[in-house]
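K.L.:
There's a structure below that I have some questions on.
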Amino acid sequence: MKTCISCLFCLLMVPFTGHAQQIEPKKTNQFIDLAGTIGSSQGSGALSYVHNWRIGRKRKIEAGLGLRLTSVAGTKLTYTTAGPARLTRSFTTPFVIFFAGQKTENWDTLTVQRPFVNALNVTINLGYQFGPKFSAGFNIDLIGATFGQKSSSIFQSNGLTSTDAASKPATFNLLLTGDHDQGSLNSEFFLKYQINDKWGVRAIYQFLFTEYTAGSVRQIAPDGTAIDRFRNKANNFGAGVSYSF
């Protein structure tokens, strides 16, 4: 009789044990994500793979790396002098350079008629899980390369206008913060809703750098530095959909 009671107790406990194991947060979070954004005279699409580790006692914090391909297209986008930072900002300390004043008197512009860039970058990702359904996070490109089409552009310097027939996307991308950055870099702040175990949707605010290099024209800075790099900074909004593994 005692043996039967023990067996019955074990059978009754199986569903509860399985349930406890099922709701325990996973140690990792892997997913692919497709996102689209729209801004002034431009739009972007991005395909990402992300591998996050869940850390902390309740595993609510996520941190990880990923790989993202961002494609950007637009019409008649204005690119301004991309650096060096000592010529475009009032101080150049990395990270806090975001709060530096802008030396607009040293800016020239390159208006690219048909910009189209494709930036493939390694990303760093941070997030926080508020509950089973809702989370928020931030990601930013770290390093990579860009390819895209050449375009004609209009160069304006010291009140003079000239044409550059073969402006092209800057090839190398590197996050150095602010006007120290090089190339085309994508970053996102987002809110995410997890529909089920596999599918989720995101609302996105995007801060996007794209960079073009002039072909035959050069800006000559007050100190004599020749500059051929020009950058467009865009604040875009969009949405994304993700599939978890």
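K.L.:
Tell me, how many Å apart are the Cα centres for region 172-245 and for region 85-100?
P.N.:
What the calculation gives is 18 Å, centre to centre.
K.L.:
Which percent of Cα-Cα pairs in the chain sits in each 10 Å bin, short to long?
P.N.:
All Cα pairs considered, the percentages come to 7, 27, 27, 17, 10, 5, 3, 2, 1, 0, 0.
K.L.:
Heavy atoms of the protein only, probe of 1.4 Å, neighbouring chains included. What is the accessible area of D223 in Å², nearest 10?
P.N.:
D223 exposes around 80 Å² with every protein chain in place.
K.L.:
Please work out whether region 133-174 counts as rounded, prolate or oblate from its C-alpha gyration tensor, where a ≥ b ≥ c are the square roots of the eigenvalues and a/c under 1.5 means rounded, while otherwise a/b larger than b/c means prolate and anything else oblate?
P.N.:
Taking the square roots of the gyration eigenvalues as a ≥ b ≥ c, region 133-174 is prolate.
K.L.:
Tally Lys/Arg at +1 and Asp/Glu at -1 over every other residue whose Cβ is under 15 Å from the Cβ of A165; what's the total?
P.N.:
Taking every other residue near A165 into account, the sum is +2.
K.L.:
Which shape class, rounded, prolate or oblate, goes with region 19-115 when its Cα gyration tensor gives a ≥ b ≥ c as root eigenvalues, a/c under 1.5 marks rounded, and past that a/b bigger than b/c marks prolate?
P.N.:
The shape class here is oblate.
K.L.:
Take peptides 37-46, 227-236, 180-189 and line them up by average Cβ neighbours within 10 Å, highest first, as a rough protection proxy.
P.N.:
180-189, 227-236, 37-46
K.L.:
Could you work out the local net charge near R68, counting Lys and Arg as +1, Asp and Glu as -1, over the other residues with Cβ closer than 15 Å to its Cβ?
P.N.:
Neighbourhood net charge equals -2.
K.L.:
Specify whether the C-alpha gyration tensor of region 64-155 places it in the rounded, prolate or oblate class, a ≥ b ≥ c being the square roots of the eigenvalues: rounded for a/c under 1.5, otherwise prolate if a/b is larger than b/c and oblate if not.
P.N.:
Oblate.
K.L.:
Per-residue ellipticity at 222 nm for the chain, helices alone: DSSP H runs ≥ 4 residues times -39500 (n - 2.57), over residue total, nearest 500 deg cm²/dmol?
P.N.:
-3500 deg cm²/dmol
K.L.:
Based on Cβ point charges of +1 for Lys and Arg and -1 for Asp and Glu, what charge dipole magnitude is obtained for the chain about its Cα centre, in debye rounded to the nearest 20?
P.N.:
Using only the charged Cβ atoms, the result is roughly 840 debye.
K.L.:
Show me the ranking of peptides 161-168, 210-217 by mean Cβ neighbours inside 10 Å, starting with the highest.
P.N.:
210-217, 161-168
K.L.:
Helix 2-23 against the longest principal axis of the chain: what's the angle in degrees, Cα atoms only, rounded to the nearest 10?
P.N.:
In the chain, helix 2-23 runs at an angle near 10 degrees to the longest axis.
K.L.:
Could you give the length gained by full extension between F130 and I195, i.e. 0.36 nm per residue of separation minus their alpha carbon distance, to one decimal place?
P.N.:
Stretched out fully, the F130 to I195 stretch lengthens by 22.0 nm.
K.L.:
Still on this model: From the phi angles alone, apply the Karplus equation (6.51, -1.76, 1.60; θ = phi - 60°) to region 100-115 and give each ³J(HN,Hα) in whole Hz, x where the residue is Gly or Pro.
P.N.:
For region 100-115, the Karplus curve yields 6, x, 9, 8, 5, 5, 9, 8, 10, 10, 10, 8, 7, 6, 9, x Hz.
K.L.:
Another one. Run the count for the chain, please: Lys pairs, Cα-Cα under 30 angstrom, 8 or more apart or on different chains.
P.N.:
29
K.L.:
Students sometimes get this wrong: rank F95, F245, F138 by accessible area, probe 1.4 Å, all chains present, largest first.
P.N.:
F95, F245, F138
K.L.:
In the chain, with Lys and Arg counted as +1 and Asp and Glu as -1 at Cβ, which of these residues, T123, F147, I55, has the Cα nearest the positive end of the dipole, that is, farthest along it?
P.N.:
Checking the options against the dipole of the chain, the answer is I55.
The values are calculated or read from the model by the stated rules, or taken from the named source; none is laboratory data. Here the structure is a predicted model, which means the values were calculated and not measured. Here Cβ is always computed from backbone atoms with ideal geometry, including for glycine, and neighbour counts include all displayed protein chains. The protein model used for the area step is the full one, side chains on, heavy atoms only, and it has no ligands, DNA or RNA in it. Shrake-Rupley method; radii C 1.70, N 1.55, O 1.52, S 1.80 Å.
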